[in-house]
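Asks: Sending over a structure as structure tokens; questions will come in a sec.
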Amino acid sequence: MTLKSIVIIGAIVGVAHTANAQQINEKELKVNVQTISQPFAVLNSLEPVTFNYNTVKYKAFELPKAKQYGFTTENASPEVLQTQSKIYKTGKNATKAFKYDEVNNENLIPVLVAAIKEQKAEIEALRKELENLKKVSE
């Protein structure tokens, strides 16, 4: 059996396995669902920055050398923080792990959507108020 045959068989088995996957209802899967309140408080806790990793001091970590975009974590709301663990080589057959906190960008998406919706509602209310003021002054 050739490598190509193995890859094709693996792809077919993977498709068949996916086709037989159990569909789970979101309401059964997710519990304690709550609307995000005060999304602007979470967003205001974030400090957007550009930065470079200290690749000289932490060479073994193999961090990206290019400029990064992100957030500082010292004042960020705990709801959007996560602790990351990474493993790095310390020798031929030896490894160590390091941990650091970072803002989970994926968790920011629902907060941003909630903030946009809240802001949109406020804009609509201000528009109505402005229209009413224009009608009164006419």
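Asks: Filter segment 30-79 for residues that are closer than 29 Å to LYS99 by Cβ and part of a helix (DSSP H, G or I) and give the result.
Replies: PRO39, ALA41, VAL42, LEU43, ASN44, LYS59, ALA60, PHE61, PRO78, GLU79
Asks: Considering segment 45-57 alone, what residues qualify as being out of contact with any strand residue (DSSP E or B) (no Cβ under 8 Å at 6 or more places or on another chain) and surrounded by 11 or more Cβ atoms within 10 Å (Cβ to Cβ)?
Replies: SER45, THR55
Asks: From the list GLU106, GLU131, GLU102, which one is surrounded by fewer than 10 Cβ atoms within 10 Å (Cβ to Cβ) and either in a helix (DSSP H, G or I) or at pLDDT 90 or above (or both)?
Replies: After ruling out the rest, the residue left standing is GLU106.
The values are calculated or read from the model by the stated rules, or taken from the named source; none is laboratory data. Worth saying up front: this structure is predicted, and the values here are computed from it rather than measured. Methodologically, a virtual Cβ is constructed for each residue, glycine included, from the backbone with ideal geometry; neighbour enumeration extends over all protein chains shown.
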